[in-house]
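The values are calculated or read from the model by the stated rules, or taken from the named source; none is laboratory data. Since this is a predicted model, take the numbers as computed values, not measurements. Here the Cβ is made from the backbone with ideal geometry for all residues, glycine too, and neighbour counts use every protein chain on show. The accessibility values were calculated without ligands, DNA or RNA, using every heavy atom of the protein model including side chains. Shrake-Rupley method; radii C 1.70, N 1.55, O 1.52, S 1.80 Å.
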Amino acid sequence: MTTFERRQQLIGLLHKQAGLRVPELAKILGVSQGTIRNDLNALHKEGQLNRVRGGAVLSDELPLRSVSFTTRLKKNAATKQSIARWAADFVEDGDSIFLDASSTVYYLVHFLQNRRKLRVITNGIEIARAMAQIPTATVVLLGGVVNPDGSSISGSMSELFLQDLHVQTAFMGCSGFTPDAGLTEVHFYEAQLKSKAINTAERVIALVDSSKIGKVDLTPFAQTNQITHLFTDHNLSQAWIARLQQTNLTFSVCDENGVSSFTPTLPENKHYRIGFANQDERLPFAIDVRKSLERASEKAGNVDLVLADNQLDPDVALKVAERFLTQNLDLIIEYQIDEHAGNRIMNMFQNADIPVISVDIPMIGATYFGVDNYRAGQMAGIAMGEWVRLNWNGFFDRLIILEEPRAGALPATRMQGQLDGFQTVVGVVPAENRLVLNSHNTLEVSQAQMQASLRRLPNEHRLVVMCFNDDVALGALEAARSLGREQDLVIVGQGAERLVRLEMSRLGSRIIGSTAYLPEKYGEKLIALALKILRGESTPPAVYMEHTFITAEPEAENV
């Protein structure tokens, strides 16, 4: 089919089933994930849909009732969405948040679809309607006077209500911002309400597109020192970036390809620019690594962090590397899956004389940081062996190994460690009793692989499953559930990321444990290692995280 026909079919699919992810769309349409991403980006620019993490939602899913708000929403739409996408990372499950009625904050709603049990206070009518579509969210729309454009509420009733509230994070747009005046607003009563909301919040996140920076409007409602973090877009000039760095403000400059975060330039500290190419912004483990890096960079006080997404795609990773070479970086932290692409990327950085830290996947010439692969795997294998010995008297029908060959020889020892640890408990597993599958490092592929395998093994009911990571473990579990064979499997993961820990807390979960890599602690150690390298201090060729095997400690089953 032509590009036009494919994109029309894509829109039709989203009309039928909202929330389809890129891998699902690629499979349905029979094209690559890269082609789907290009289609979604093109349709986004045409205003036919809005990009969200991992996929897209149609622009007309929730029609707006305010004409003037619709006009504001369309102005600088792409930059506002980029800002909202990164600002959404400040929201965790169960948070209490305040959302003002600005058009930039409205875009934030699209990126909160996967958050659970949010408590949302807002004066934005359109924002309240949009948030109410999230099933687990509790939405409080402030009472008071409806403003002339019909999109927001303000007045003394709203301010009185706010006095008794406490929220973790307040998200604020504005009509103007300068370091001296702070956040300003053209509407007096709107500014008053925002000021009251700020007093209820532990932190304030400002979403300010670059067209508003340098502009001072009628009424200030927040001084610069009240802002925890400011997000703007890539159209901000270098002169303004330099000026903002002379303040005490931490801020991020966003575009559709990534984000650069800046900390205040302190005269007593040498300032560094570090690039981080993340493995994939759809993977919970990788997201936790990136968030920990952002926290550590801000804490260090002299690190500007430039972020990009490798999207589990070697071609994308190469393009990210090329872009990094133009961004005046002092050091690069590379997290990507493909061993062969890693060699090419490393050659590019070595030619530019830029030091590199590789995360979890080694690159020749880079300092390695992350998993002690064999030991991490061995811990899981021993735990699996003990479970099989205790619950199945040491007997099982087949061992299924979900690996990731692209990662290369060293990460492959993670799977060898699992096998060796398992065999120390239950004895040697003959080759004919092993089934090795390529997981492609994703939930979707591992689920498809496991579904196909389970259909080929209808009479085997004691299946031991070892996985390259936790996404793969969850994919295997979903496959068994979809076929009504959940009890046939016992699974161990690698990473112990939050979704797997949540699954293990479920009574009777078939994921019996996972080796913890502690991604939330990667950032602190990575930044410390990076600063040592940049200061010319001696560093080892490899720095490992310490590992712990986490289990829900289920009771033994009746055999």
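Data table
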quantity: Tabulated pairs, segment 248-263, first farther than 19 Å from T104 by Cα and modelled with pLDDT of 95 or more, second open to solvent by 10 Å² or more (accessible area, probe 1.4 Å) and not in a strand (DSSP E or B), C-beta under 7 angstrom, 6+ apart or interchain; calculated: none
quantity: Single residue of segment 339-364 satisfying the filter (at pLDDT below 95, in a loop (DSSP other than H, G, I, E, B) and open to solvent by 20 Å² or more (accessible area, probe 1.4 Å)) that is nearest to L526 (Cα to Cα); calculated: P362
quantity: Tally of residues being in a helix (DSSP H, G or I), of a type in the set (A, V, I, L, M) and out of contact with any Pro (no Cβ under 9 Å at 6 or more places or on another chain) across segment 444-475; calculated: 7
quantity: Candidate set from segment 510-540 (those that are among the polar types (S, T, N, Q) and in a loop (DSSP other than H, G, I, E, B)); member that is surrounded by the fewest Cβ atoms within 10 Å (Cβ to Cβ); calculated: S538
quantity: Subset tally (residues that are open to solvent by 20 Å² or more (accessible area, probe 1.4 Å), at pLDDT 80 or above and among the small types (G, A, S)) for segment 11-33; calculated: 2
quantity: Lone qualifier among R481, R462 - being modelled with pLDDT of 95 or more, surrounded by fewer than 19 Cβ atoms within 10 Å (Cβ to Cβ) and out of contact with any strand residue (DSSP E or B) (no Cβ under 7 Å at 6 or more places or on another chain); calculated: R462
quantity: Selected residue [assigned to a loop (DSSP other than H, G, I, E, B) and touching a strand residue (DSSP E or B) at 6+ places or on another chain (Cβ under 8 Å)] from A128, A84, A101; calculated: A101
quantity: Residue check, D149 outside any strand (DSSP E or B), farther than 22 Å from A87 by Cβ and in contact (Cβ under 8 Å) with a residue 60 or more places away in the chain; calculated: yes
quantity: So A201, is it open to solvent by 10 Å² or more (accessible area, probe 1.4 Å) and within 18 Å of L108 (Cβ to Cβ); calculated: yes
quantity: Matching residues, segment 107-122, being open to solvent by 10 Å² or more (accessible area, probe 1.4 Å), modelled with pLDDT of 90 or more and touching a strand residue (DSSP E or B) at 6+ places or on another chain (Cβ under 7 Å); calculated: R119, I121
quantity: Residue within segment 493-509 that is open to solvent by less than 50 Å² (accessible area, probe 1.4 Å), modelled with pLDDT of 95 or more and assigned to a helix (DSSP H, G or I) present; calculated: no
quantity: Qualifying residue in segment 428-439 (condition: in contact (Cβ under 8 Å) with a residue 12 or more places away in the chain, closer than 30 Å to E322 by Cβ and open to solvent by less than 50 Å² (accessible area, probe 1.4 Å)); calculated: yes
quantity: Any hit, segment 82-105, residues being modelled with pLDDT of 85 or more, over 24 Å from V253 (Cα atoms) and of a type in the set (D, E, K, R); calculated: yes
quantity: Among (1) surrounded by 18 or more Cβ atoms within 10 Å (Cβ to Cβ); (2) assigned to a strand (DSSP E or B) - the single one P411 does not satisfy; calculated: (2)
quantity: Residues located in segment 158-178, provided they are within 26 Å of the chain's Cα centre (by Cα), part of a strand (DSSP E or B) and closer than 16 Å to F231 by Cβ; calculated: T169, A170, F171, M172
quantity: Condition broken by R116, with the remaining ones in (1) in a helix (DSSP H, G or I); (2) farther than 23 Å from L236 by Cα; (3) not acidic (D, E) satisfied; calculated: (1)
quantity: The lone exception for G182 - which of (1) within 29 Å of the chain's Cα centre (by Cα); (2) crowded, with 18+ Cβ neighbours inside 10 Å it fails; calculated: (1)
quantity: Hits in segment 261-299 (condition: among the hydrophobic types (A, V, I, L, M, F, W, C) and more than 22 Å from the chain's Cα centre (by Cα)); calculated: L266
quantity: Residue list for segment 402-417, restricted to those being more than 15 Å from N343 (Cα to Cα) and in contact (Cβ under 8 Å) with a residue 40 or more places away in the chain; calculated: L402, E403, E404, P411, T413, R414, M415, Q416, G417
quantity: Residue match in segment 397-405 (condition: in contact with a helix residue (DSSP H, G or I) (Cβ under 6 Å, 6 or more places away or on another chain), in a helix (DSSP H, G or I) and farther than 18 Å from Q487 by Cα); calculated: no
quantity: The lone exception for I125 - which of (1) open to solvent by less than 20 Å² (accessible area, probe 1.4 Å); (2) of a type in the set (A, V, I, L, M); (3) under 21 Å from K74 (Cβ atoms) it fails; calculated: (1)
quantity: Residue in segment 285-329 that is most open to solvent (accessible area, probe 1.4 Å), counting only those that are assigned to a strand (DSSP E or B) and closer than 20 Å to T442 by Cα; calculated: D309
quantity: Those residues of segment 232-263 which are open to solvent by 20 Å² or more (accessible area, probe 1.4 Å), within 21 Å of A181 (Cβ to Cβ) and not β-branched (V, I, T), in sequence order; calculated: N235, S237, A239, W240, A242, R243, Q245, Q246, N248
quantity: Residues being farther than 16 Å from S211 by Cβ and in a strand (DSSP E or B) - total across segment 240-263; calculated: 6
quantity: Near pairs, Cβ below 8 angstrom, 6+ apart or cross-chain, from segment 121-134 (free of Cβ contacts under 8 Å to residues at least 24 places away in the same chain) to any residue that is open to solvent by less than 20 Å² (accessible area, probe 1.4 Å) and polar (S, T, N, Q); calculated: A128/T122
quantity: Residue match in segment 149-167 (condition: closer than 29 Å to V306 by Cα and open to solvent by 10 Å² or more (accessible area, probe 1.4 Å)); calculated: no
